[in-house]
Amino acid sequence: MSAFQGSVTAFMETLNEKDVLDLELKRAEWMKESYPIDVQRKTAEKSAHRYLKESAEIQFREMGLRSVIWTFHENKDGLKLFQM
């Protein structure tokens, strides 16, 4: 973790005031409107199924709940993906 923080600090030191302001504006835009669709797609392709499966396993283990999970999203090529 200290290596990560050192990398972040080193990166931030390379930015000028305008760069920092631009990044802050982009962050505010993302927080207000959601992440850009390409970022959402990349995250969904990489992580969504695993997170949903882990959540369902916890709900079953701790509360006896059974879940049916249907996922649907578009990949970067615009192909609609669906799985259960």
Q) Non-local amide H neighbours of GLU74 (under 5 Å, H modeled in plane, Pro and chain starts lacking H): which ones? A) LEU81
Q: Choose one answer from ARG66, ARG50, ARG27: the residue with the largest mean-square fluctuation in a GNM of the chain with alpha-carbon springs under 10 Å.
A: ARG66
Q. Which FRET efficiency, nearest 0.05, do ILE37 and SER67 yield, Cβ-Cβ r, R0 22 Å?
A. 0.25
Q.
Past 25 Å, Cα to Cα: identify those pairs from LYS53/LYS80; LYS18/LYS42; LYS32/LYS53; LYS32/LYS76; LYS26/LYS80; LYS26/LYS46, in the order given.
A. LYS18/LYS42; LYS32/LYS53; LYS26/LYS80
Q. Candidates (1) 8.8; (2) 6.9; (3) 9.7; which is the computed mean projected area of the Cα convex hull in nm²?
A. (1)
Q: Read phi for every residue in segment 24-33 and hand back ³J(HN,Hα) as whole Hz from Karplus 6.51 cos²θ - 1.76 cosθ + 1.60, θ = phi - 60°, with x for Gly and Pro.
A: 5, 5, 4, 4, 4, 5, 5, 5, 7, 9
Q: Quick one: what are the phi-derived ³J(HN,Hα) couplings along segment 43-54, Karplus 6.51/-1.76/1.60 with θ = phi - 60°, whole Hz, x for glycine and proline?
A: 5, 4, 4, 7, 10, 4, 4, 4, 5, 5, 5, 4
Q) Which residues' amide hydrogens lie under 5 Å from the amide hydrogen of TYR35, considering only partners 5 or more residues apart or on another chain, with H built in the peptide plane? A) none
Q: Name all residues of segment 29-53 having a backbone nitrogen under 20 Å from the label point set 7 Å from the Cα of MET12 along its Cα→Cβ direction, giving them as ranges.
A: 29-31
Q. Based on the Cβ-Cβ distance from GLU24 to ALA3, what FRET efficiency comes out when R0 is 25 Å, to the nearest 0.05?
A. 0.50
Q: Would you mind estimating how fast segment 36-84 diffuses translationally, via Stokes-Einstein at 4 °C and 1.567 mPa s with the Kirkwood radius over Cα pairs, in µm²/s?
A: 110 µm²/s
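No value in this document is a laboratory result; all are computed from the given coordinates. All of these numbers come straight from a predicted model, not from anything done at the bench. For neighbour counting, all protein chains shown are included, and Cβ atoms are generated from backbone atoms with ideal geometry for every residue, glycine included.
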